[in-house]
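S.K.: A single structure is presented below for examination.
The values are calculated or read from the model by the stated rules, or taken from the named source; none is laboratory data. Just so you know, these numbers come straight off a predicted model, no measurement behind them. In this analysis, Cβ positions are derived from the backbone assuming ideal geometry, glycine residues included, and neighbour counts consider all displayed protein chains.
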Amino acid sequence: MVKRIVIVGAGPSGVLLAHYLLRRNEQYNVEIYERRSDPQTVPFSSARTIPLSLNQRGMTALSKVEGILAAVKAVSLESTGSLIHQKKGKTQFLPRKKPILILDRMRLVVTLLKMLTQQYNSDRLKIHFDHQCKQVDFEAKTVTFENTAVNPTGEVTVDYDLLIGADGARSRVREQFLSTNQFELEKKYFPSAYKPIFLPAESATSLKAGYLHTWRGTDGIFATLVHDIDGLISGIVNFPRENNPILNFSTKEQVWQFFREYLPEIAELLPESEVEAFLYRPISTILTIRCNRYHDGDSVLLIGDAAHATSPSLGQGCNASLEDVAFFDQLLDEYPNDIAEALKQFTLRRKPDAHALVELSDYTFPLSSKLLFLELFIRLRTAQFMHQLFPRYFSPSLSQLLSETTIPYSEILNFHKGWISRVKQANEKFLERQS
Ligand SMILES: Cc1cc2nc3c(=O)[nH]c(=O)nc-3n(C[C@H](O)[C@H](O)[C@H](O)COP(=O)(O)OP(=O)(O)OC[C@H]3O[C@@H](n4cnc5c(N)ncnc54)[C@H](O)[C@@H]3O)c2cc1C
């Protein structure tokens, strides 16, 4: 029997899932609905995009569909380590044994979409951009979308056999779970908010390509910059969500002053045009999500950020979202004729790792610079060094476990729970002092 699968959200997890489902056999027809316009037609400069790092977890999930990992690698830059910029030009280098891939989210999605549309025709695959999910009826198995194009065509309601909520941290599909029995949802704002930043590579020749560059100013302000394959340098500037120092900026001079005070090395690299663009870019907040269930009956599933959005501090959210897809595919193999059981097992077996990831992302990095530089980096370097010398006796460092292995997040949390609970306490005190 052909199953009609409706995927809400053409982000990394939704589009990769379409690949996995369509390659299984002729069993599934897939329709993807995305509220934004087709990213293949939106100019990069006006796209809301962020740089992503993909590690072993994401790469493993991408590698299971022929050709995808190679295509993604072709639009990524490899990074072999992080360079932590400290005061007075001093730096610390944290090397990586296994390189990660750096690319922006839009380029990842466009690559996945292009391959999908090249491979499958409209008999089995339909993609509707500019369609925002407005209403879901779990009983009737219908979902309603509003056309959000420049010349809108109104609403459309479609049936589904299986509905996938891949619609991100502010998921509309997940909202519908709130009307079902015993669904619990924890939504928390991460203490940091952010603005993206973009520099042409020629204005920042002092920054070496292939490294993740990070700076930590005072008062909870920090920044990351990476080169991308086209010679653009992009990154994120983070600041406290509450007592946000840039909230009411209205002039370029205020932006200059902010960078000179908190991130002086970046101030030296900033062209005038970027100062202006930074001023008018919206501030984004970060939601973290924990739920007790990712499925409803035999016909609805949440994946990716919709199920377990995390803070970006560890660069794991997209990797975990892609891992979800490979894991669901494995369950379809385990329960080929029992979709209800496959969905139920997804909740049972993925939840401990998803919850562990939220915890690890919130509390691996201390907000206090002292604890970060005097302890965490020393711990990471020592663990890396000892593991290299005596791999049978010393486990890899926390960051190696997260990005160079596919060991489940719950095992990693268990192994490092002492550090995580110390950081949790230290961060709570730090935030109390700030408020
Ligand atoms: C600043 C920052 C840096 C990050 N860095 C990293 C990193 O280095 N590495 C990493 O692994 N992760 C990183 N992440 C996390 C990563 O971006 C997410 O985990 C990942 O994008 C999740 O993919 P997704 O497909 O589940 O959701 P999303 O990427 O959020 O995609 C959801 C899609 O659904 C669409 N949508 C939403 N609502 C509706 C609706 N009602 N109707 C129709 N469509 C809808 C959206 O437009 C979007 O296209 C970072 C996140 C941030 C904010």
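S.K.: Out of the residues in segment 69-78 meeting the condition of being surrounded by fewer than 21 Cβ atoms within 10 Å (Cβ to Cβ) and in contact (Cβ under 8 Å) with a residue 40 or more places away in the chain, tell me which one is farthest from the ligand (Cβ to nearest atom).
M.R.: Here the residue is A71.
S.K.: Could you check how many residues of segment 296-311 are of a type outside the set (D, E, K, R) and within 15 Å of V136 (Cβ to Cβ)?
M.R.: The total comes to 6.
S.K.: Here's something else I'd like to know. Can you confirm whether S399 is at negative phi and touching a Gly at 6+ places or on another chain (Cβ under 8 Å)? Outline the logic, then answer.
M.R.: On the way: at negative phi: yes; touching a Gly at 6+ places or on another chain (Cβ under 8 Å): no.
It is false that S399 is at negative phi and touching a Gly at 6+ places or on another chain (Cβ under 8 Å).
S.K.: Being over 19 Å from the mean Cα position of the chain (by Cα), of a type in the set (V, I, T), away from the ligand (no atom under 11 Å from the Cβ) and under 21 Å from L380 (Cα atoms) narrows it down to one residue among I84, I5; which is it?
M.R.: On inspection, the qualifying residue turns out to be I84.
S.K.: Further question on the same structure: Tally up the residues in segment 323-349 that are within 16 Å of the ligand (Cβ to nearest atom), without any contact (Cβ under 8 Å) to a residue 60 or more places away in the chain and surrounded by fewer than 22 Cβ atoms within 10 Å (Cβ to Cβ), please.
M.R.: The qualifying residues number 1.
S.K.: Determine, yes or no, whether A320 is closer than 19 Å to A18 by Cβ and either surrounded by fewer than 24 Cβ atoms within 10 Å (Cβ to Cβ) or at pLDDT below 95 (or both).
M.R.: Considered against the rule, which asks whether it is closer than 19 Å to A18 by Cβ and either surrounded by fewer than 24 Cβ atoms within 10 Å (Cβ to Cβ) or at pLDDT below 95 (or both), A320 comes out as no.
S.K.: Please count how many residues of segment 149-204 are acidic (D, E), more than 15 Å from the ligand (Cβ to nearest atom) and in contact with a Lys or Arg (Cβ under 9 Å, 6 or more places away or on another chain).
M.R.: Matching residues across segment 149-204 total 4.
S.K.: Considering every residue within segment 352-364, establish whether at least one is out of contact with any strand residue (DSSP E or B) (no Cβ under 7 Å at 6 or more places or on another chain) and free of Cβ contacts under 8 Å to residues at least 40 places away in the same chain.
M.R.: The answer is no, given that none of the residues of segment 352-364 is out of contact with any strand residue (DSSP E or B) (no Cβ under 7 Å at 6 or more places or on another chain) and free of Cβ contacts under 8 Å to residues at least 40 places away in the same chain.
S.K.: Counting just the residues of segment 10-45 that are more than 8 Å from the ligand (Cβ to nearest atom) and hydroxyl-bearing (S, T, Y), which one comes out nearest to S299 (Cα to Cα)?
M.R.: Y28
S.K.: Next question, about the same structure. Which condition number in (1) closer than 30 Å to I236 by Cβ; (2) assigned to a loop (DSSP other than H, G, I, E, B); (3) touching a Phe, Trp or Tyr at 6+ places or on another chain (Cβ under 8 Å) is the one that I197 fails?
M.R.: All conditions pass for I197, except number (2).
S.K.: Got at least one residue in segment 359-370 being surrounded by fewer than 20 Cβ atoms within 10 Å (Cβ to Cβ) and either in contact with an Asp or Glu (Cβ under 6 Å, 6 or more places away or on another chain) or of a type in the set (S, T, N, Q) (or both)?
M.R.: Taking every residue of segment 359-370 in turn, at least one turns out to be surrounded by fewer than 20 Cβ atoms within 10 Å (Cβ to Cβ) and either in contact with an Asp or Glu (Cβ under 6 Å, 6 or more places away or on another chain) or of a type in the set (S, T, N, Q) (or both).
S.K.: Of everything in segment 99-108 that's of a type in the set (D, E, K, R) and over 13 Å from N319 (Cβ atoms), which residue is nearest to the ligand (Cβ to nearest atom)? Spell out how you get there, then give the answer.
M.R.: To start, the set of residues in segment 99-108 that are of a type in the set (D, E, K, R) comprises 104-105, 107.
Remaining after also requiring over 13 Å from N319 (Cβ atoms): 104, 107.
Values: D104: 10, R107: 12 Å.
If we take residues in segment 99-108 being of a type in the set (D, E, K, R) and over 13 Å from N319 (Cβ atoms), then D104 is nearest to the ligand (Cβ to nearest atom).
S.K.: With in contact with a Cys (Cβ under 8 Å, 6 or more places away or on another chain) and either among the polar types (S, T, N, Q) or at pLDDT 95 or above (or both) as the only criterion, which of E139, E175, E184 stands out?
M.R.: E184
S.K.: Looking at E146, E175, E155, can you tell me which residue is without any contact (Cβ under 8 Å) to a residue 40 or more places away in the chain and either closer than 19 Å to G304 by Cβ or assigned by TED's automatic domain parsing to the domain that holds E261 (or both)?
M.R.: E175
S.K.: If we scan segment 403-415, do we find a residue that is surrounded by 16 or more Cβ atoms within 10 Å (Cβ to Cβ), among the acidic types (D, E) and modelled with pLDDT of 85 or more?
M.R.: yes
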